[in-house]
1. Beyond 17 Å, what share of the Cα-Cα pairs of segment B:88-167 is found? Please give it as a whole percent.
2. Given label points at 7 Å from Cα along Cα→Cβ, what nm distances, shortest first, separate residue A:226 from the same residue in every other copy?
3. Starting from the Cα coordinates of segment A:154-231, work out the convex hull volume and express it per residue in Å³.
4. Per DSSP helix of 4 or more residues, -39500 (n - 2.57); summed, then divided by the residues of the protein assembly as shown. What does that give at 222 nm, rounded to the nearest 500?
5. In Å, the Kirkwood hydrodynamic radius of chain B over pairs of distinct alpha carbons?
6. Quick check: Cα centre of segment A:178-213 to Cα centre of segment B:153-222, how many Å?
7. Could you give the distance between the Cα centres of segment A:81-124 and segment B:44-85, to the whole Å?
8. Under the 0.36 nm per residue contour assumption, what length would be gained going from the current alpha-carbon distance of residue B:37 and residue B:104 to full extension?
Protein chains: 2
Amino acid sequence: MIDNSHLELMNVAPEGVAVYQTVPYVPGFRVDAGHILQAIEQLEHCALALSAGGMDVIGQAGTPFSFAHDDGLAWARKMQARLEEVAQKPVTMMGLSIIDALKSCGYESVAVASTYYSDDLCARYTRFLDDAGFRVLTLKNWIHQGLLPDRRLLEQPRYWYPNSLAYQSARAVAEESPEADCILLTGGAVHTMDIIAALEADLQKPVITSDSAFFWSLLTKLGVKERLDGWGELLSRLCPQG
Amino acid sequence: MIDNSHLELMNVAPEGVAVYQTVPYVPGFRVDAGHILQAIEQLEHCALALSAGGMDVIGQAGTPFSFAHDDGLAWARKMQARLEEVAQKPVTMMGLSIIDALKSCGYESVAVASTYYSDDLCARYTRFLDDAGFRVLTLKNWIHQGLLPDRRLLEQPRYWYPNSLAYQSARAVAEESPEADCILLTGGAVHTMDIIAALEADLQKPVITSDSAFFWSLLTKLGVKERLDGWGELLSRLCPQG
């Protein structure tokens with residue numbers, strides 16, 4: 001498995017922030033709970049490598065790593081603490097950063113575009129958000145929404161998906177649940193940073209994506225307080241002057 | 001261990017080239033033959049991870065990986081072929097890319113600034129270049145050159161070194177061996193890309209660094225033929241019109 005978040009973060013972060021990457025290797029990896037649990041076994045090794053390499057903050061990219069385990073939220077919190085203990089550095093797991101971002105903004109209800117997640121991952125994600133105290137008004141993947149014609153398209157490993165699909169799916173869940181405090185657009189293999197501002201303008205509502213929550217958490221832990229414009233409301237909150 | 005080459009390459013490569021990274025982890029890593037041989041044991045795993053992640057070309061950063069083994073050049077060539085077999089993708093080892101770059105330019109003699117390498121690595125590097133058919137007129141590290149006062153400074157793990165040291169050491173070996181066809185400036189932990197053009201102007205002689213040879217090889221294997229200016233003569237050769 002490989003992830004594009006480092007490229008997205010280098011685009012978003014102010015000058016002076018350098019991003020390094022290491023990846024677990026699971027033969028025949030696919031985005032499902034079983035393969036993710038195999039990759040999780042290598043997370044300590046990855047955290048040690050990055051810590052020894054002099055990183056100030058460590059991020060684990062891939063939202064479902066936080067809810068692939070049957071114990072969901074409680075397990076993820078333990079895992080993040082364990083990685084911090086091993087690395088002796090602050091660690092952010094992408095899935096947990098979504099919880100933290102929603103809480104920090106005071107949002108209580110969400111409509112979720114779960115993009116390429118399988119039905120099983122959708123069920124786990126719903127439980128994860130529910131356990132964290134949020135009302136999940138809608139949670140739909142591209143198959144549920146009719147945006148992809150064939151379930152098998154989700155089962156093939158892909159490194160990225162078109163932003164037009166992500167945009168349409170966020171709009172559809174927003175229209176389905178107009179009372180939601182916030183739209184969640186999930187999936188690290190969707191390059192969402194470029195469409196958040198457009199979605200927030202069109203929906204007149206905050207949009208948080210896996211990447212934006214992840215970057216907000218990492219940059220907060222790094223102590224970055226520069227003004228970051230154009231990436232949505234959440235990242236504009238890093239600057240204390242708003 | 002960690003490496004900065006991915007950041008340097010993203011600066012140098014034309015738009016459209018995306019760079020991903022994975023790293024081996026050796027507890028207590030230092031730049032010496034023993035630790036490097038331990039890291040080498042993880043190279044196949046790294047190559048598999050990058051290949052499975054959809055990379056088109058794979059690069060192994062870190063020059064001494066190509067000459068840390070007692071069998072030097074012959075071993076490195078076997079290792080590169082082995083990684084290509086495992087990954088089923090073109091693979092460039094940084095040390096071998098220097099040999100290829102020198103040969104491609106037709107240079108026969110070199111003066112080498114070996115920066116932070118230990119005496120043992122300096123001896124191995126000299127043999128490596130010699131085995132490849134080059135005359136090594138000078139090869140000096142920062143201790144030999146009096147640029148660092150204390151050998152112990154080379155023994156502490158460092159992620160980067162100041163470019164002023166790299167610039168001075170390249171000038172010093174050039175002055176010591178004015179008949180050299182080319183100046184080699186080595187060491188991936190030195191961010192050399194920004195000083196190559198200045199050095200070539202000041203020395204009136206081609207300068208090849210570990211990073212420039214590595215990027216030349218990777219971009220060649222990717223089929224990049226765009227005009228890249230400002231990074232020295234070697235990278236300007238990617239463009240067939242010169």
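1. Details: 1680 of 3160 pairs.
Above the 17 Å cut-off, segment B:88-167 has 53 percent of its Cα pairs.
2. When each copy's label point is compared with this one, the spacings are 2.3 nm.
3. 108 Å³
4. Working: 22 runs with 220 residues, N = 484.
Dividing the helical sum by the residues of the protein assembly as shown leaves -13500 deg cm²/dmol.
5. Numbers: mean 1/r = 0.0559 Å⁻¹.
For chain B, inverting the mean 1/r across all distinct Cα pairs yields 17.9 Å.
6. 45 Å
7. 36 Å
8. Values: separation 67, 0.36 × 67 = 24.12 nm, distance 2.86 nm.
Full-extension gain reported as 21.3 nm.
The values are calculated or read from the model by the stated rules, or taken from the named source; none is laboratory data. Keep in mind it's a predicted model, so treat the numbers as computed, not measured. Glycine gets a Cβ as well: all are built from the backbone with ideal geometry, and neighbour counts include every protein chain shown. Note: accessible area is taken over every heavy atom of the protein model, side chains too, but ligands, DNA and RNA are not part of it. Shrake-Rupley method; radii C 1.70, N 1.55, O 1.52, S 1.80 Å.
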